[in-house]
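Just below is one structure, and these are the notes that go with it.
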Amino acid sequence: MRLFTIRLTSLFVVLILTSCATFNPHFEKPQVSVNSFKILPDGSINPTFEIGLRIVNPNSIPLNLKGMSYTASIEGNKIFSGVANQLPNVPAYEEEEIKLKVQADLFGGIRLLAELIPLRTTSITYTLKVKLDVGIFALPIRITHKGNLSIPKSN
């Protein structure tokens, strides 16, 4: 019984030290940006999009991505969300592009259209939230982009 307790304690200490090693104080959050957006023909009432995300790794260690989840909203209406698990590793000081196939949230899209149908003179707000999973012993990396899309003035 004593041997079991020693082994269990040793395993616990190793797990704690391993997880603490991932908390590098010089670690910078990766940058995630949308670099392509395309509607895919599928004949459905609910459109499917292909979205290209560019992930930039500004660190001296590679990002071994295990999975990701994402959500995009416009004017507070969720337009799409999803998950992906077949992702490339992003080497140190490099970048990779990920292509996601996403299907629009039908009711979120309808609410958005209802808000945008009246003539708008203000900009449109958007939010993109991405959670990158880099392994079982590391905390996920959460990235949120918020911004405004300006509406061209009609003459």
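Kirkwood hydrodynamic radius computed over the range 25-149 comes to 15.8 Å, based on all pairs of distinct alpha carbons.
Each residue of the range 69-75 was assigned a 3J(HN,Hα) from its phi angle through the Karplus curve 6.51 cos²θ - 1.76 cosθ + 1.60 (θ = phi - 60°); the sequence is 10, 8, 8, 10, 10, 10, 6 Hz, with glycine and proline shown as x.
For the range 56-117, the residue among 65, 109, 98 whose Cα projects farthest onto the positive side of the dipole built from Cβ charges is 109.
Across the range 25-149, the mean sequence separation of Cα contacts (distance under 8 Å, 6 or more residues apart), normalised by length, yields a relative contact order of 26 percent.
Across the range 45-59, coupling constants 3J(HN,Hα) worked out from phi with the 6.51/-1.76/1.60 Karplus curve, θ = phi - 60°, read 5, 9, x, 10, 10, 10, 10, x, 9, 9, 10, 10, 9, x, 10 Hz, and Gly and Pro carry x.
Note on residue 101: lysines with a C-alpha under 19 Å away, same-chain residues under 8 apart excluded, are 38, 66, 78, 129, 131.
Each reported figure results from applying straightforward, stated rules to the coordinates on display, with no laboratory input. Predicted, not measured: the structure shown is a model, and the values here were computed from it. Methodologically, a virtual Cβ is constructed for each residue, glycine included, from the backbone with ideal geometry; neighbour enumeration extends over all protein chains shown.
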